[in-house]
Ligand SMILES: C[S@@+](CC[C@H](N)C(=O)[O-])C[C@H]1O[C@@H](n2cnc3c(N)ncnc32)[C@H](O)[C@@H]1O
Ligand SMILES: [Zn+2]
């Protein structure tokens, strides 16, 4: 057994994650999740950590937020053993209830009981979404992780179609499409129960997608089809896209907003607390989110420059140049060399050509 510290808690963990899962790289996600619940400012919330593994999230919610009840569930007997050990080591026995149950059975026996349901599975959350929709109640919140990014973002279109029933293909803005796809899938499951969603915070890293949503009883499912051109990488939700090439109709995916920026600022503020060890990365990500345009999709400047056989200009220069021409342009959280803009691909190409500086000549040998 080994011991580690995260946030304000001490965690007892097995030597191998094969025994009971614990991923230190997900500390960032747990920091943001704790700061998210703090920023909501709910009074005495009840939280469900549906797939709790060693209980890292559940114990942190209990210790670091105002949660009065935290349910930590896992199907694995060994996991529940570690949850119990971590609950008593951190003296949160009165708040946390550990249970060993299949996730769907757990949800179906705890309907409408939670203010926040956190789902953090291996791979796809899709297998739990029908029961989740039945369990959820209006004015509560959801945190959903997915690690099957290749399927969700259309890098593996066949898996995406089989698993989610959504038509996608590989695009250059695949990370955002993965996020929009996951939100859309959750929205359509909830709609069957006459519930709707408001996305509050959505992000994608190398290996996972994470979305935070508010559930409401009144609203609209904003999922829609979008159009993609393989030739110039133009992506749009507009039915009469402005691209002159052949475009594929894909989706449906979430076409609405991805964040509540006021809440994002509150999360940023909570992340200043010194026990958030990943606050540097988390704050950088949230600052990118709060300053990015709400324009859907993005363009990868590096890839476009490569296709034009030009040097990649600094992203800031492209943004400034496009704005000078009256177009909107910002960086994006999804990729360091990409921009969100209402410009057409040919406008961006034009700017890249203008900004292209000759490569420094190698001195003759
Ligand atoms: C990725 S881990 C959870 C990690 C944890 N949330 C954290 O932040 O450390 C997924 C967990 O789900 C559990 N699990 C997998 N399928 C399940 C099911 N159908 N019902 C309940 N638990 C399940 C596994 O035992 C594993 O512990
Ligand atoms: Zn095109």
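The values are calculated or read from the model by the stated rules, or taken from the named source; none is laboratory data. Since the model is a prediction, treat every value here as computed from it, not as a measurement. Here the Cβ positions follow ideal geometry from the backbone for every residue, glycine too, while neighbour counts run over all protein chains shown.
So here's what we get for this one:
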read-out	value
Region 115-138, residues that are surrounded by fewer than 23 Cβ atoms within 10 Å (Cβ to Cβ) and assigned to a loop (DSSP other than H, G, I, E, B)	115, 121, 122, 123, 124, 137, 138
Subset of region 230-273 that is part of a loop (DSSP other than H, G, I, E, B), in contact (Cβ under 8 Å) with a residue 24 or more places away in the chain and within 16 Å of ligand 2 (Cβ to nearest atom) - its residue that is nearest to residue 198 (Cα to Cα)	237
Residue within region 91-99 that is near ligand 1 (Cβ under 8 Å from one of its atoms), in the same structural domain as residue 135 (by TED's automatic domain parsing) and within 22 Å of residue 126 (Cα to Cα) present	no
Hey, residue 288 more than 30 Å from residue 10 (Cα to Cα) and away from ligand 2 (no atom under 16 Å from the Cβ) or not	yes
Residue match in region 277-293 (condition: farther than 22 Å from residue 174 by Cα, touching a helix residue (DSSP H, G or I) at 6+ places or on another chain (Cβ under 8 Å) and in a loop (DSSP other than H, G, I, E, B))	yes
Residue 150, sole failed condition from (1) part of a helix (DSSP H, G or I); (2) touching a helix residue (DSSP H, G or I) at 6+ places or on another chain (Cβ under 8 Å); (3) farther than 26 Å from residue 181 by Cβ	(3)
Only listed residue being in contact with a helix residue (DSSP H, G or I) (Cβ under 7 Å, 6 or more places away or on another chain) and without any contact (Cβ under 8 Å) to a residue 12 or more places away in the chain, chosen from 128, 156	156
Boolean, residue 312 is part of a loop (DSSP other than H, G, I, E, B), more than 16 Å from residue 202 (Cβ to Cβ), in contact with a strand residue (DSSP E or B) (Cβ under 8 Å, 6 or more places away or on another chain) and away from ligand 2 (no atom under 16 Å from the Cβ)	yes
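Per-residue answers, yes or no, for (1) over 30 Å from residue 33 (Cβ atoms); (2) more than 28 Å from the chain's Cα centre (by Cα); (3) in the same structural domain as residue 29 (by TED's automatic domain parsing); (4) buried (at least 17 other Cβ atoms within 10 Å of the Cβ):
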| residue | (1), (2), (3), (4) |
| --- | --- |
| 255 | no, no, yes, yes |
| 279 | no, no, yes, yes |
| 284 | no, no, yes, no |
| 304 | yes, no, no, yes |
| 308 | yes, yes, no, no |
| 315 | no, no, no, yes |
| 321 | yes, yes, no, yes |
| 328 | yes, no, no, no |
| 351 | yes, yes, no, yes |
